[in-house]
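A short write-up of the structure that comes next.
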Amino acid sequence: MTRKLISDPEPLQPEYIPSDFVNRENTKTALSNLIGPDSSRNIHLQGPEGTGKTHLTLHQLNQLDQVNTCYVDCKNSDTQYKALRQILQSLTEEPVNTGYHTSDLQRKIEERTGAIHTVIALDEIEFLLENDGDSLLYFLSRMKNQSKVNVITISNQGLNLQKQVEERTFSSLQPYPIQLEPYTGEELYDIILDRARKSLKPQTVQKSGLTYIASKTTNPRLGIQWLKAAAETADKIITENHVQQIEEKALNEYIDLLLEPFTEHHRLLFRTIQELAENTDTTIQTGDVYQSYQELCQSQERESLSNRRISDHLKQLELLNLIKAEYHYGGIKGKTREIRLNYAGSYNKS
């Protein structure tokens with residue numbers, strides 16, 4: 001792998017937070033006004049994959065002074081207990097062992113939020129709501145010191161928070177909604193051009209190469225990963241032809257990034273779906289997925305998971321926008337799913 005074209009790799013990393021956000025000044029202003037010691041409003045930030053929800057929130061949290069801030073990635077902390085541990089660990093800045101009862105963690109968090117304003121951000125809340133996220137949100141919205149706490153829930157497009165939680169939870173939380181719209185092709189071009197200028201050596205990328213990327217996706221995260229892959233593989237200059245040649249490689253690397261926090265069985269399951277999709281123009285039946293996944297595990301001398309566990313994994317792949325599932329209810333088999341690849345929800349492969 002060569003990095004001859006890259007002068008500063010940091011702006012091409014997924015965790016890089018820019019100082020300026022394209023077409024997001026109104027959102028930045030809204031977050032600034034709603035978060036902090038002078039506000040007790042809760043917020044629900046929603047938008048499609050790659051619209052800047054996470055980075056805007058982290059940017060705002062970094063701007064706060066004399067405020068406790070807690071950021072929870074619900075992909076990793078997808079139960080109330082895991083999230084409470086993460087929140088307490090952020091407040092104490094010390095590891096929290098697993099010996100506590102849920103009520104002990106709740107009590108300790110209430111004690112820590114009594115003296116100073118606290119902002120708690122729950123990113124990709126849909127993963128938590130698949131389990132006991134409602135209980136966590138109800139607790140956070142009803143704490144003794146709730147007037148000193150902001151709760152920010154962040155989700156991808158399509159989650160109706162009011163329908164996902166109990167009426168009493170939503171009534172207590174009363175989140176202020178902020179909706180982010182997808183980037184246009186021109187805006188996506190501006191974003192990856194900015195990253196190219198910050199990361200690459202002068203005169204190492206052609207405009208046509210960036211234009212091609214911007215024409216294929218509305219997701220900056222995918223676009224930037226694509227630019228990174230091009231910079232690492234091009235010889236002297238990134239051309240449109242080179243960008244096209246590594247298209248599949250860039251998409252696969254982006255999918256690998258999405259799956260990185262998950263288990264090897266998530267990756268095996270997604271590989272199974274990819275292989276089945278290559279051999280059909282129609283949707284894939286869950287029965288075929290289960291069977292092919294088990295055969296793949298057997299070929300690799302791995303113990304396969306139960307159908308129930310695989311069903312949960314399929315739902316998580318769906319939440320990642322890697323697949324789409326159409327649900328059918330009733331009949332001999334009860335609830336069944338028809339599955340198709342979604343290519344990260346923001347990529348036009350045609």
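The values are calculated or read from the model by the stated rules, or taken from the named source; none is laboratory data. Predicted model, so just to flag it, every value in this text is computed and none were measured. Every residue, glycine among them, receives a Cβ derived from its backbone with ideal geometry; neighbour counts consider all protein chains shown. Areas reflect the complete protein model, heavy atoms only, side chains present, ligands, DNA and RNA absent. Shrake-Rupley method; radii C 1.70, N 1.55, O 1.52, S 1.80 Å.
Summary of computed values
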| read-out | value |
| --- | --- |
| Neighbour-limited loop hits for GluC sites (Glu not before Pro), region 53-126 (at most 10 other Cβ within 10 Å; DSSP other than H, G, I, E, B) | 93 |
| Whole-number percent relative contact order across the chain, with pairs defined as alpha carbons under 8 Å at least 6 apart | 19 |
| Three-way shape call for region 58-118 based on the alpha-carbon gyration tensor, with the a/c threshold at 1.5 | oblate |
| Solvent-accessible area per residue for the chain (1.4 angstrom probe, square angstrom) | 50 |
| Under-5 Å amide H pairs with residue 71, H placed in peptide plane, nonlocal only | 121 |
| Choice from 52, 158, 99 with maximal GNM fluctuation in the chain (Cα, 10 Å cutoff) | 99 |
| Among the listed pairs 163/315; 75/324; 207/236; 249/315; 28/324, those beyond 20 Å (Cα-Cα) | 249/315; 28/324 |
| Residue-count net charge about residue 211 - beta-carbon cut-off 12 Å; Lys, Arg +1, Asp, Glu -1 | -1 |
| Sparse-neighbour loop sites [trypsin sites (Lys or Arg not before Pro); region 1-89; at most 15 other C-beta within 10 Å; DSSP] | 3, 4, 41 |
| 5 angstrom amide H check on residue 238, placed H, neighbours 5+ away | 205, 206 |
| Rounded, prolate or oblate (a/c below 1.5 giving rounded, otherwise prolate when a/b exceeds b/c) for region 179-297 by Cα gyration tensor | prolate |
| Percent accessible area from carbon and sulfur atoms, the chain, protein chains only, probe 1.4 Å | 42 |
| Formal net charge of residues neighbouring residue 251 (Cβ-Cβ distance under 11 Å; K, R +1; D, E -1) | -1 |
| Whole-Hz ³J(HN,Hα) from phi, Karplus 6.51 cos²θ - 1.76 cosθ + 1.60, for region 14-27, glycine and proline x | x, 8, 5, 10, x, 7, 10, 10, 5, 6, 10, 5, 5, 5 |
| Of all DSSP beta bridges in the chain, antiparallel share, percent nearest 5 | 30 |
| For region 116-196: span of alpha carbons on each principal axis (Å, largest first) | 48, 31, 20 |
| Ranked by how many other beta carbons lie within 10 Å on average, peptides 254-267, 292-305 from highest | 254-267, 292-305 |
| Cα-based reach from residue 349 at 13 Å (exclusive), listing aspartates and glutamates while leaving out same-chain residues under 8 positions away | 247, 248 |
